[in-house]
Each structure stands twice: as structure tokens, then as C-alpha cells.
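Novice: One structure, pasted below without further comment.
Values in this text are rule-based calculations from the coordinates and carry no lab data. Keep in mind the model is a prediction, meaning the values are calculated, not measured. Backbone-built Cβ (ideal geometry, glycine too); neighbour counts: all protein chains shown.
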Amino acid sequence: MTKTLVSMQDLQWRALSDIRQQPGCSDVRGIAINRVPDLHAANNWSLCVLSAGTADANTAARAAVSVQQALRRNYNLMAD
């Protein structure tokens, strides 16, 4: 399956929006998208929660893992 190439900013917006839709995560404030430089990796990015806001940090982290798995099926980062 061909993945859609997106900018880092677009991927951040999509991921944060999806995380905020998860139960208990509506107040997550910030995430980071990290470029994976390994050419042999299945995906060229990963994400993590930087600021959970008033959401439980563990709940936010689990939501991030779930959202990352879902978005990785469809998206890769554009080259810089």
C-alpha cells in the first residue's frame, strides 16, 4: 500500500487532533514528531507526548502509541 507523504506540521496537526479524540486526552497540549533516519525502518517518523496538560500522562502516552500505529499505516514524512 502506498503511503501519503505529508509535512511534519501536517502530521503533527493530524496526530494531536487524533490523540485529543481519545478518552481522557482532550486536554493534551503538545506532541513531537521525530524523524527516523534509518533507511531500513518501516516508517520514517515516531511521535511522543510532550505536554499532557490536565490529562493523565500514562493515558496520553497510550493514546499516542495507538494514534502512531494508525497514522503510520497511511503516512510518511516528506523529505526536508
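Novice: Compute the helix-to-body angle for 57-72: its Cα long axis versus the longest principal axis of the chain, expressed 0 to 90° and rounded to tens.
Specialist: 30
Novice: Using a 10 angstrom cutoff on alpha carbons, build the Gaussian network for the chain and name the most mobile of 42, 61, 52.
Specialist: Result: 42 has the largest fluctuation of those listed.
Novice: Can you list residues whose amide H is under 5 Å from residue 29's amide H, if they're 5+ apart or on another chain and H is modeled 1.01 Å from N?
Specialist: 51, 52, 53
Novice: Please give the length that would be gained between residue 9 and residue 66 if that part of the chain were fully extended, namely 0.36 nm times their separation in residues minus their C-alpha to C-alpha distance (nm, one decimal).
Specialist: Fully extending the segment from residue 9 to residue 66 adds 18.6 nm.
Novice: Of 67, 36, 28, which is the most mobile in a GNM of the chain whose springs link Cα atoms less than 10 angstrom apart?
Specialist: In this elastic network of the chain, the residue with the biggest mean-square fluctuation among 67, 36, 28 is 36.
Novice: Report, in debye and to the nearest 20, how large the dipole of the chain comes out about its Cα centre when Lys and Arg carry +1 and Asp and Glu carry -1 on their Cβ.
Specialist: 140
Novice: Could you grab the relative contact order for the chain? Cα pairs under 8 Å, six or more apart, rounded to a whole percent.
Specialist: Computed value for the chain: 39 percent relative contact order.
Novice: If you don't mind, there's one more thing I want to ask. How tilted is helix 8-20 with respect to the longest principal axis of the chain? Cα atoms for both, answer in degrees (0 to 90, nearest 10).
Specialist: 40
Novice: Got a sec? Charge dipole of the chain, +1 on Cβ for Lys and Arg, -1 for Asp and Glu; which of 40, 52, 2 is way out at the positive end?
Specialist: 2
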